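Data block below; observations after.
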Amino acid sequence: MSPAESTKKTLPTAQGRIAAYTKIRDAIISGEFAPGQPLSESALATWCGVSRTPIREAIGRLEQDTLVAWNENGLVVRALGAEEILDVYEVRAYLEAASARTAADRRTDRDLQMLRATLDKGQKVDSSVISEMVDYSRTFMDHILRIARNQSLNDVLNRVKLQLARTTQANPTVSVPGRWEQSREYQHAVTERIAARDLDGAYALTQKHFFDARDIRLAMFHEESESL
């Protein structure tokens with residue numbers, strides 16, 4: 001292979017770093033890379049079509065995201081136990097509640113107008129299609145986070161959500177009968193709390209909503225263990 005051909009097959013470092021991180025992250029979240037699966041730098045470099053340098057940088061980010069870890073056998077996809085997943089749910093509840101509280105404090109009239117428009121779009125969601133409910137719920141909460149205008153909160157919350165992504169994508173709580181209706185009630189109620197600048201009300205509603213999600217996940221774990 002000539003140097004020119006090699007350059008074509010290997011992405012530039014900056015581009016390669018982002019592409020490698022995204023590709024490996026998405027493979028972990030989707031389950032293509034299973035929990036506990038060994039990961040080799042050389043194999044990942046070949047799979048991503050980059051040199052080892054972007055792979056090492058991508059691995060560093062994935063470690064920070066707690067998606068990979070090192071053990072006696074080397075680098076592996078990090079596995080989360082049921083108890084740890086529930087702990088992360090609890091942390092998320094506090095962070096999402098803080099986001100709603102801050103949004104109630106900082107929202108503008110324009111923010112409220114756009115949030116109501118997002119709320120109305122929920123009426124068009126087909127509740128028989130799990131992916132539509134998941135995508136809409138994520139969009140609604142992301143909108144509240146944008147209104148909060150707190151980059152530090154945004155960074156931490158997104159990292160926490162990333163830790164849960166494998167679990168929530170494979171078996172989302174909104175798939176449980178009645179949860180979509182509860183979510184819609186919450187979305188309407190928190191919109192009104194944000195409109196009224198009711199900081200404590202927005203916080204309490206959101207915290208309860210995500211603690212309920214944690215409890216639903218706990219029930220799911222019990223059902224899974226009983227079926228084994």
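Listing for the model above:
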quantity: Candidate set: segment 156-182, residues that are closer than 23 Å to Tyr203 by Cβ and among the basic types (Lys, Arg); chosen: the one nearest to the chain's Cα centre (by Cα); calculated: Lys161
quantity: Whichever residue in segment 24-48 is surrounded by fewer than 17 Cβ atoms within 10 Å (Cβ to Cβ) and of a type in the set (D, E, K, R) and, among such residues, is nearest to the chain's Cα centre (by Cα); calculated: Asp26
quantity: Whichever residue in segment 132-155 is loosely packed, with under 15 Cβ neighbours inside 10 Å and under 14 Å from the mean Cα position of the chain (by Cα) and, among such residues, is farthest from Gln182 (Cα to Cα); calculated: Asp155
quantity: In segment 190-211, the residues that are outside any loop (DSSP other than H, G, I, E, B), touching a helix residue (DSSP H, G or I) at 6+ places or on another chain (Cβ under 7 Å) and either open to solvent by 30 Å² or more (accessible area, probe 1.4 Å) or not aliphatic (A, V, I, L, M) (or both); calculated: Thr191, Arg193, Leu199, Gly201, Tyr203, Leu205, Thr206, Gln207, His209, Phe210, Phe211
quantity: Residue in segment 63-78 that is part of a helix (DSSP H, G or I) and touching a residue at least 12 places away in the same chain (Cβ under 8 Å) present; calculated: yes
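Results for (1) small (Gly, Ala, Ser); (2) at pLDDT below 95; (3) under 23 Å from Ala103 (Cβ atoms), shown as yes or no for each residue.
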{"site": "Ile147", "(1), (2), (3)": "no, no, yes"}
{"site": "Arg166", "(1), (2), (3)": "no, yes, no"}
{"site": "Thr173", "(1), (2), (3)": "no, no, yes"}
{"site": "Val176", "(1), (2), (3)": "no, no, no"}
{"site": "Lys208", "(1), (2), (3)": "no, no, yes"}
{"site": "Phe211", "(1), (2), (3)": "no, no, yes"}
{"site": "Arg214", "(1), (2), (3)": "no, no, yes"}
{"site": "Leu228", "(1), (2), (3)": "no, yes, no"}
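The values are calculated or read from the model by the stated rules, or taken from the named source; none is laboratory data. Treat the numbers as computed from the prediction; the structure is a model and nothing was measured. In this analysis, Cβ positions are derived from the backbone assuming ideal geometry, glycine residues included, and neighbour counts consider all displayed protein chains. Surface accessibility is based on the protein's heavy atoms, side chains included, excluding ligands, DNA and RNA. Shrake-Rupley method; radii C 1.70, N 1.55, O 1.52, S 1.80 Å.
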